[in-house]
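Everything below concerns the one structure shown next.
Coordinate-derived values only; no laboratory data. Small disclaimer: the values here were computed from a predicted structure and weren't measured. In this analysis, Cβ positions are derived from the backbone assuming ideal geometry, glycine residues included, and neighbour counts consider all displayed protein chains.
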Amino acid sequence: MTQSDWMVVGRVAGPFGIHGELKVEPYTDEPDRFLSFAALYLEPWYRRLQVDLVRRHKKVVVVKLVGIDTPEAVRELGTFDVSIPRTDALTLAEGQYFLEDMLGMTAVTEKGQVLGRVADVLRTGANDVFVVRGDGIDVLIPGTREAVPRIDMKGRTLAIAEWALQPYQ
């Protein structure tokens, strides 16, 4: 399997308690989805770890993995991304997109001026932020419908509202 066959669903945020449970910051609008996972995979090696138990706790998902029984063992895992095979991803409704699918898309103004390509997506508390890289400068665009009014997945372009670029013009 190649990297494009995987989907990042969260990030290991450290140990939870004394029994080898780990906190996972979910990168999904559906954190309860973790309840159905039989295994998780840690990047960059995609090492398969069997899930023993999953529960929600406030804004994190608490996961107990088979063979990870102490906080020290959790710390050894580090702060890696947690992935699943893309074939296990949820089916999205019309107008919904996986953030990973935005990477590499061309960002253009509503008037058609090319700004660059989406190099990264920052996950913040309020909304996601697209990092658009072009001509030696990174432009940060709020990942909202107002700032990005059109997304063309087939054409691989994002239309950026003019007002979202004001500080950069």
Rounded to the nearest 5, the percent of DSSP beta bridges in the range 99-168 running antiparallel is 80
Sequence order, the range 12-29: Karplus ³J(HN,Hα) from phi using 6.51 cos²θ - 1.76 cosθ + 1.60, θ = phi - 60°, Hz rounded, Gly and Pro as x, gives 5, 10, x, x, 10, x, 10, 10, x, 7, 10, 8, 10, 7, x, 9, 9, 6
Under the rule rounded for a/c under 1.5, else prolate if a/b exceeds b/c, else oblate, using alpha carbon gyration tensor axes a ≥ b ≥ c, the range 99-168 is classed as rounded
At the level of C-alpha centres, the distance separating the range 77-147 and the range 1-70, in angstrom, is 22
Diffing the range 109-118: the Karplus 3J(HN,Hα) column from phi (6.51, -1.76, 1.60, θ = phi - 60°), in whole Hz with x for Gly and Pro, holds 6, 5, 8, x, 6, 6, 9, x, 10, 6
Under 5 Å from the placed amide H of GLY116, counting only residues 5+ away or on other chains, we find ALA107
Once the in-chain neighbours fewer than 8 apart are removed, the lysines whose Cα is under 18 Å from LYS59 read LYS23
ASP120 neighbourhood, Cβ < 14 Å, K/R = +1, D/E = -1, net charge -2
Ranked output for segments 75-82, 157-164 by mean other Cβ atoms within 10 Å, highest leading, reads 157-164, 75-82
Sorted by chain and then number, the residues having a modelled amide H within less than 5 Å of the amide H of ASP128, at least 5 places away or on another chain, are GLY143
Counting Lys and Arg as +1 and Asp and Glu as -1 over every other residue whose Cβ sits under 13 Å from the Cβ of ALA89, the net charge comes to -4
